[in-house]
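**Q** Below you will find the structure I want to go over with you.
The values are calculated or read from the model by the stated rules, or taken from the named source; none is laboratory data. The model shown is predicted, which means the values in this text are computed figures rather than measured ones. Here Cβ is always computed from backbone atoms with ideal geometry, including for glycine, and neighbour counts include all displayed protein chains.
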Amino acid sequence: MKYAFIKKQRGLFSVERMCRILEVSRSAFYDWLTRPESNRSREDKRLGSKVAEIHQKSRQTYGARRIREELADQGESLSRPRVRRLMRRQGLTVKTKRKFKATTNSNHGLPVAPNRLNREFQVTVPDKAYVGDITYVRTDEGWLYLAVLIDLYSRAVVGWAMSERMIFGVR
């Protein structure tokens, strides 16, 4: 990686200075320039293109385990960590499906509030009618439920609450 950086930047900076800053010897850099590509590196390029092709054909859903299995079916023998490394080098990541989260359960024995508005949402005086709703937000720590109460006259939020459970205030 250091040598490749030096090679790429040598039009802007002196090789001597970059080698000193990156703590590599100049002779080792020039040796690296003339050294033929290793068998492992050539093999990684060949396998890397196969890994990318399998990943693309799977619509980016195959990870290292399934790609390794697919390569084994094609007669290639390599380890899962190597496949993982080849994927990481190319920036290949797996697209995972989000787990379905059921948020409505109409089959319950809890009391249901009567519909007193009859879908008449035009209110002429404040503090006469309120509406509310619950929504859910996915976070890194799991689902958060948000309940909001709105005054229909001003359309202003007059109250809200968040909870890890859909039944607010119940632990």
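**Q** Based on this model, can you work out whether V148 counts as without any contact (Cβ under 8 Å) to a residue 12 or more places away in the chain, touching a strand residue (DSSP E or B) at 6+ places or on another chain (Cβ under 6 Å) and surrounded by 10 or more Cβ atoms within 10 Å (Cβ to Cβ)?
**A** The answer is no for V148.
**Q** Six or more apart or on different chains, Cβ atoms under 6 Å: show the pairs whose first residue is in region 100-114 and in contact (Cβ under 8 Å) with a residue 24 or more places away in the chain and among the hydroxyl-bearing types (S, T, Y) and whose second is surrounded by 10 or more Cβ atoms within 10 Å (Cβ to Cβ) and outside any loop (DSSP other than H, G, I, E, B).
**A** T103/Y136
**Q** While we're on this one: Of the residues R80, R66, which single one is in contact with a Lys or Arg (Cβ under 9 Å, 6 or more places away or on another chain) and among the basic types (K, R)?
**A** Being in contact with a Lys or Arg (Cβ under 9 Å, 6 or more places away or on another chain) and among the basic types (K, R) holds for just one of R80, R66, which is R80.
Table: residues versus (1) under 19 Å from S58 (Cα atoms); (2) under 19 Å from the mean Cα position of the chain (by Cα).
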position: R85; (1), (2): yes, yes
position: Q90; (1), (2): yes, yes
position: T93; (1), (2): yes, yes
position: F100; (1), (2): no, yes
position: N107; (1), (2): no, no
position: L110; (1), (2): no, no
position: P114; (1), (2): no, no
position: L117; (1), (2): no, no
position: V123; (1), (2): no, no
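**Q** Among the listed residues R80, R138, identify the single one that is closer than 30 Å to R40 by Cβ, surrounded by 11 or more Cβ atoms within 10 Å (Cβ to Cβ) and free of Cβ contacts under 8 Å to residues at least 60 places away in the same chain.
**A** From the options R80, R138, the qualifying one is R80.
**Q** Evaluate region 75-84: report whether one residue or more is closer than 30 Å to R138 by Cα and outside the structural domain of V137 (by TED's automatic domain parsing).
**A** yes
**Q** Out of the strands (runs of 3 or more DSSP E) lying entirely within region 78-171, which hold 2 or more residues that are of a type in the set (G, A, S)?
**A** Fully inside region 78-171 and qualifying: 142-151, 157-163.
**Q** On to the next question. Check whether at least one residue in region 32-54 is surrounded by fewer than 14 Cβ atoms within 10 Å (Cβ to Cβ), assigned to a helix (DSSP H, G or I) and in contact (Cβ under 8 Å) with a residue 12 or more places away in the chain, and report yes or no.
**A** yes
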